[in-house]
Amino acid sequence: MNKFNLKLDGKTIEVEVNTLAEQANGSVLARSGDTLVLATAVMSKEDRENLGFFPLTVEYQEKYYAAGKIKGPRYIKRESRPSDEAICNARLIDRSIRPRFPKGLARDVQVIATILSWDGENDPDTLALLASSIALSISDIPWEGPLGAVRVCRKDGKLILSPSYEEKEGSDLDIVFSGLLNGKELLINMIEGGFNEVEEKSILESLDLVDKYLKSLIEFQKDIQEKVGKEKFVLEKKTDSDFEKEVKDFLKDKLGKALFDKDSEALDKVKKDLISFIDEDKSTDALDILDEEIDRLIHENIIKYNKRVDGRGLDEVRKITAQVGVLPRTHGTGLFSRGQTKALSILTLGSPGDQQLIEGMEIVGYKKFMHHYNFHPYSSGEVGPLRGPGRREIGHGALAEKALRPLILQSEDFPYTIRIVSEILSSNGSTSMASVSSSSLALMDAGVPISGLATGIAIGLAKDDKTGEYKVMTDIQGPEDHHGDMDFKVAGTRKGITALQMDVKIDGINRKIVEEALNKAKKARMDILTVMEKTISKPRSQLSSYAPRILTIQINPDKIREVIGPGGKVINEIIDKTGAQIDIEDSGLIYITSETKQGADKALSWIQDITREVVVGEVLKGKVKKTTDFGAFVEVLPNQEGLVHISKLSKTRVKKVEDVIKVGDSVSVKVLSVDDQGRINLSLIKKE
């Protein structure tokens, strides 16, 4: 058993290399406080032939027992599919470690991070990334690490490293950086962040803060690797220089023209001709060489000649169009187009009771704003099965939701539950950022009170590893995304950034490139917002006529039981007779939701009558419910009765209550007093 410790800004990270998962290629236990993560890395024994991609899978497993909870549906008390939060954390690890595997590795690699213990203070996601990096580093799997990862938040103007959950609450900046060392230079290879409309300089200040801490984490892992690491598996390089030359000679005069031809089918024809030209059993190798040549040509033309595949300038954004009110019966819609990328977002307003219940290892509560993203096969001109959302769809939906969340008002100001669905109709680069744009249009079209529109843009990079030359590009599309070196997504409003996500295919990028990408993204964001604001610049003054109406009333919490009634009798009667949905909070705040204003008003009036508190001197009409020897009980409000003492039935002496009024009589009464226990004393004015 080997244990290693590192002090990081007052917190201790403990790493234990043991034999718990002894059959894995690499495994470690990482601990911060009482949060404990087991990370394992396993590689298959055989190559997978003619696969065309690197078969890496990353899993992030939340366990209820880690938090001391028993959750799940009533009859299945076990973990089922990963939560959206777990899927996003798995993607965070994947985006960090994937670029560090050598090209040509065709064996299955699986990294699993399992949360064994969670203390409610230390966030397990960055710890899981760190543990995954160590597990890969000490294993025999070919991987060029290690990576450091830290989270930064800002609260009350102060940047906090590795914040607790309490410190993150109410912060206006929450960002994770992952990086590696190239000699002594720190290169950032993954960024994930959510913000409350912050300026670009805030991102750079966070990056400056984490520099030395990332370096410490990397050196810490190198020490572990040196002491307990296994010898790395040597990847055999299959080269056939004669075949490679033959393919390149065939492509020499054809590929460049097809790649920069605006005919979308030209490149497909080159691929078909190439496969026909070479032996069938070498088609996969030939297509790999073709891919490398496309990569080379794209880089060469951008870096040397500022020439992009579609002829645009490096800072030029494709044509933007924006529409609202596209669909007739929905509560709000927005259609956003950027070149061939088109996203249609549809917004639905619901009652507070429509909120999503979240029951995860970390998060337990309700969610009033949801954004869901759908990517259909036809959007890329392909045929494919329609299944539930995959990890990419969940990740893109979460990114857009993160970008839009700062725009949404608190429940007390706008009590509606909001769900937006972004349907990607056509895809050619950065559909997640397009969904941010179309969704903010839908919010304004629906009349949701947001302060301004939001949009996003993807910034790319072409870098020559030999010379160090590079060019940063605005608004990357398909080929530049696939063959480029960086996907730097920035979303925000005119006030500032709300979400940022970056991954790379190279070692990483330095601070200078981060700053340049942020500045280019800001300029593009402002230009796109100008176009969008010509379509709609402020929320509609009225909600859609098809949206439900919500009325609110604050009652005395002691009156809640009267609204509900025995066994729910009263509230169910209100719902049945008005068609309204009623949600009651413990504070006494009641939300009344109805498809019609008439139904909402009727339910409100009913509840007001039930909970209304009578005032001394007030004259009320009521019905006699019961008579006794000493007086009569009159219902003056729903479920509220007062006593008319026999002495208050008349100015003259009354021998028997029934001589004046009987059960069922309608009467007018005056409130004489209300005692400390809420008992109402009345006097009879007249019998109706």
Per DSSP H run of n ≥ 4, the term is -39500 (n - 2.57); total these for the chain, divide by its residue number, and report the mean residue ellipticity at 222 nm rounded to 500 deg cm²/dmol. -9500 deg cm²/dmol
Taking H placed 1.01 Å from N in the peptide plane, check which residues at least 5 places from Gly332 or on another chain put their amide H under 5 Å from its amide H. Leu347
Mean Cβ neighbour count within 10 Å, used as a protection proxy, ranking 6-19, 445-458 highest first: 445-458, 6-19
Over 10 Å intervals from 0, what percent of Cα-Cα pairs in segment 414-527 sits in each interval? 13, 42, 29, 13, 3, 1
Among 482-495, 652-665, 305-318, the order from most to least packed when residues are scored by Cβ within 10 Å on average: 482-495, 305-318, 652-665
Taking Cα pairs under 8 Å and at least six residues apart, what relative contact order does the chain come out at, in percent? 10
Projected onto the charge dipole of segment 241-305 (+1 at Lys/Arg Cβ, -1 at Asp/Glu Cβ, origin at the Cα centre), which of Phe277, Ser241, Ala258 gives the Cα projection farthest towards the positive end? Ala258
In degrees between 0 and 90, to the nearest 10, how far off the longest principal axis of the chain does helix 124-138 point, with axes built from Cα atoms? 20
Sort 391-399, 618-626, 74-82, 293-301 by packing, meaning the average of other beta carbons within 10 Å per residue, with the highest value first. 391-399, 293-301, 618-626, 74-82
Violating pairs (Cα-Cα greater than 27 angstrom) within the set Lys222/Lys304; Lys184/Lys495; Lys272/Lys463; Lys168/Lys463; Lys307/Lys342: Lys222/Lys304; Lys184/Lys495; Lys272/Lys463; Lys168/Lys463
Taking each pair of distinct Cα atoms in the chain once, what is the resulting Kirkwood hydrodynamic radius in Å? 29.4
For the chain, find the longest principal axis of its Cα atoms and tell me its angle to the long axis of helix 597-611, 0 to 90°, nearest 10. 60
Karplus-derived 3J(HN,Hα) from phi for segment 16-30 (6.51 cos²θ - 1.76 cosθ + 1.60, θ = phi - 60°), whole Hz, x at Gly and Pro, runs 10, 9, 9, 10, 4, 10, 5, 8, 6, 5, x, 8, 8, 10, 10
Could you state the number of Å between the C-alpha centres of segment 327-406 and segment 41-66? 27
At what distance in angstrom do the alpha carbon centres of segment 407-464 and segment 168-211 lie from each other? 23
0 to 90° range, to nearest 10: angle between helix 569-578 axis and the chain longest Cα axis: 80
Equivalent ellipsoid, segment 320-535 (semi-axes from 5 times Cα gyration tensor eigenvalues, Å): 30, 19, 18
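A short reminder: the numbers here are calculations on the coordinates, not readings from a lab. The structure displayed is predicted, hence computed values, not measured ones. Cβ: placed from backbone, ideal geometry, glycine included. Neighbour counts: every protein chain shown.
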